[in-house]
Amino acid sequence: MGYTLGVDIGTFESKGVLVADGGRIIAQAARAHEMIVPRPGWAEHRAEEDWWGDFVFITRKLIADSGVDPAEIKAVATSAIGPCMLPVDADGAPLSNGVLYGVDTRAAREIDDLNAEIGEDVILARCGNALTSQSVGPKILWFKRNHPELWDKTGKILTSTSYLTYRLTGDYVIDHYTAANFSPLYDIAKQDWCFDLASFCPPDRLPRLMWSTEIAGHVSDDAAHDTGLAAGTPVTCGTIDAAAEAVSVGVRQAGDMMMMYGSTIFIILLSDRRLSDARLWHAPWLFPGEHAAMAGLATSGTLTHWFRDRFARELARDGAFGVLAREAEASPPGARGLICLPYFSGERTPIHDTQAKGTFFGLDLTHDRGDMYRAVLEGIASATRHIADTYAEAGQRPARVLAVGGGTKNRPWLQATSDLSGLDQIVCETTTGASYGDAFLAAFAVGRAARDDMTIWNPAAETIHAAHHAAYERQYPLFLKLYQQTKDIMAELDTGK
């Protein structure tokens, strides 16, 4: 009997699992942390405390709780929020907090400058992605411009997963799936770094490219001392959390779509060709020769937490979401004419508008908390449908949708998403998510699992079927129209800050 270990670092919580051959979970552990928001539009983590600190805590707890001999752990795989931007010095020490993924919008000026310098069409053609708040390249340029004294000390630019891999092995590596988000520094056709489009980042400051399931190195003596793992344990290159999450529910062939219900909605659709659409993101998938088209909202689970903390303070924290779900289910589809635009941190796909604002529209004196919470869930579901429609317009509809993440326990949210999008959703037995996918990728990397084995590890448990609601036929077009008719006002609001 052998074991593999997977750890995922999320926006607000890190999770880990120890898994036996065949997929049985032996132990689980989690640790919460905060997202730092120093100013509006910024989002950060502390790499040492939040990323590596969580990894050490979780790994030690998994080993202690399971009683497994660390020597029996055959491989380790990590995933983390991404794409992030972390500058480290020549010794690998962080020079700043890690700048998070698309929820951090600080590099808007750098996006405009690079688009003007290189050309939006050129960037999309060469890099496969338009420059958005999800792009790491503009954030590197922002760091160089705003902290030149730290830039001079920078040895490497890492992301969250590559920092973990470095701490475990001493090697600077990054997987292709993550690197594709470094536009304009990654050539999507050559699947290699490129430096002819922009010269702000020297080649020696980026990690070595690998595939996610390749072995990046082995647990060093120092890392073994910190984590309790056995020195010499193989460590994979790792990947972004959403990709590991997709693996965890069996996304494996063209037409499969993962719908991740987390702090944000994140969607991955595998395709047999590159989808070239500036509204979506593209990357090589975790295996050579395969493609993925991604999309993500800016606030989803984060918005439900905001609502709970502002409007359900009298409820016990552990039971608040259950109460709110029952109140939302008592409100009819359409929330009695109430529309919520869920753009509380701007929006990512498909509108890519950092100045978009959250909105409740249509309130009257008869609405109650249940209506408002239902409107929040339907607003997120409407934004998700907007993404699904964008995929269709780009020429790829999903053949199968697999839902995963903590939000799958929120039944009115799950059902509203199916009803508004018209997509049935499969929910698997295990919704642990990315850390479970990491454990599988670790097993695959060392030959202890075949790629199709995830259907055995994690079979389907139920299907959420889309239902027809006349209220949504009327309300969804109004949702789109409300944004279009107020986005200029939203932008003007920013000028008054």
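Data for the structure
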{"read-out": "Matching residues in region 262-275 - criterion: being assigned to a loop (DSSP other than H, G, I, E, B) and either in contact with a helix residue (DSSP H, G or I) (Cβ under 7 Å, 6 or more places away or on another chain) or within 22 Å of Ser300 (Cβ to Cβ) (or both)", "value": "Gly262, Ser263, Thr264, Leu275"}
{"read-out": "Cβ-Cβ under 7 Å pairs, at least 6 apart or on other chains, region 74-90 side polar (S, T, N, Q), far side part of a strand (DSSP E or B)", "value": "Thr78/Val7; Ser79/Asp8; Ser79/Thr239; Ser79/Ile240"}
{"read-out": "Qualifying residue in region 25-48 (condition: surrounded by 21 or more Cβ atoms within 10 Å (Cβ to Cβ), in contact (Cβ under 8 Å) with a residue 60 or more places away in the chain, in contact with a Leu (Cβ under 6 Å, 6 or more places away or on another chain) and under 26 Å from Ala231 (Cα atoms))", "value": "yes"}
{"read-out": "Set Gly319, Gly337: member being surrounded by fewer than 24 Cβ atoms within 10 Å (Cβ to Cβ), touching an Asp or Glu at 6+ places or on another chain (Cβ under 9 Å) and more than 30 Å from Tyr163 (Cβ to Cβ)", "value": "Gly337"}
{"read-out": "Options Ala416, Ala439, Ala471: the member that is of a type in the set (A, V, I, L, M, F, W, C) and under 29 Å from Ser212 (Cβ atoms)", "value": "Ala439"}
{"read-out": "Considering residues of region 119-140 that are in contact with a helix residue (DSSP H, G or I) (Cβ under 6 Å, 6 or more places away or on another chain) and within 17 Å of Tyr177 (Cα to Cα) only, the residue modelled with the highest pLDDT", "value": "Leu131"}
{"read-out": "From Ala242, Ala179, Ala216, Ala254, residue being closer than 30 Å to Ala460 by Cβ and either crowded, with 22+ Cβ neighbours inside 10 Å or in contact with a Phe, Trp or Tyr (Cβ under 6 Å, 6 or more places away or on another chain) (or both)", "value": "Ala242"}
{"read-out": "Conditions (1) under 26 Å from Leu402 (Cα atoms); (2) assigned by TED's automatic domain parsing to the domain that holds His386: number failed by Thr486", "value": "(1)"}
{"read-out": "Tally of residues being assigned to a helix (DSSP H, G or I), touching a Gly at 6+ places or on another chain (Cβ under 6 Å) and among the hydrophobic types (A, V, I, L, M, F, W, C) across region 320-340", "value": "2"}
{"read-out": "Residue that is within 20 Å of Pro87 (Cβ to Cβ) and touching a residue at least 60 places away in the same chain (Cβ under 8 Å), where the choices are Ile9, Ile63", "value": "Ile9"}
{"read-out": "Pick from region 430-465, criterion at pLDDT 95 or above and among the charged types (D, E, K, R), ranking: farthest from the chain's Cα centre (by Cα)", "value": "Arg448"}
{"read-out": "Residue ID - modelled with the highest pLDDT, chosen from residues in region 304-351 that are of a type in the set (D, E, K, R) and closer than 21 Å to Leu480 by Cβ", "value": "Arg336"}
{"read-out": "Residues that are touching a Phe, Trp or Tyr at 6+ places or on another chain (Cβ under 6 Å) and either among the β-branched types (Val, Ile, Thr) or in contact (Cβ under 8 Å) with a residue 12 or more places away in the chain (or both), drawn from region 194-207", "value": "Leu206, Pro207"}
{"read-out": "Residue in region 296-319 that is in a helix (DSSP H, G or I), polar (S, T, N, Q) and under 22 Å from the mean Cα position of the chain (by Cα) present", "value": "yes"}
{"read-out": "Tally, over region 71-115, of residues that are at pLDDT 95 or above, small (Gly, Ala, Ser), outside any loop (DSSP other than H, G, I, E, B) and more than 23 Å from Glu214 (Cβ to Cβ)", "value": "1"}
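The values are calculated or read from the model by the stated rules, or taken from the named source; none is laboratory data. Treat the numbers as computed from the prediction; the structure is a model and nothing was measured. Reconstructed Cβ throughout: ideal geometry from the backbone, glycine too, with neighbour counts over all protein chains shown.
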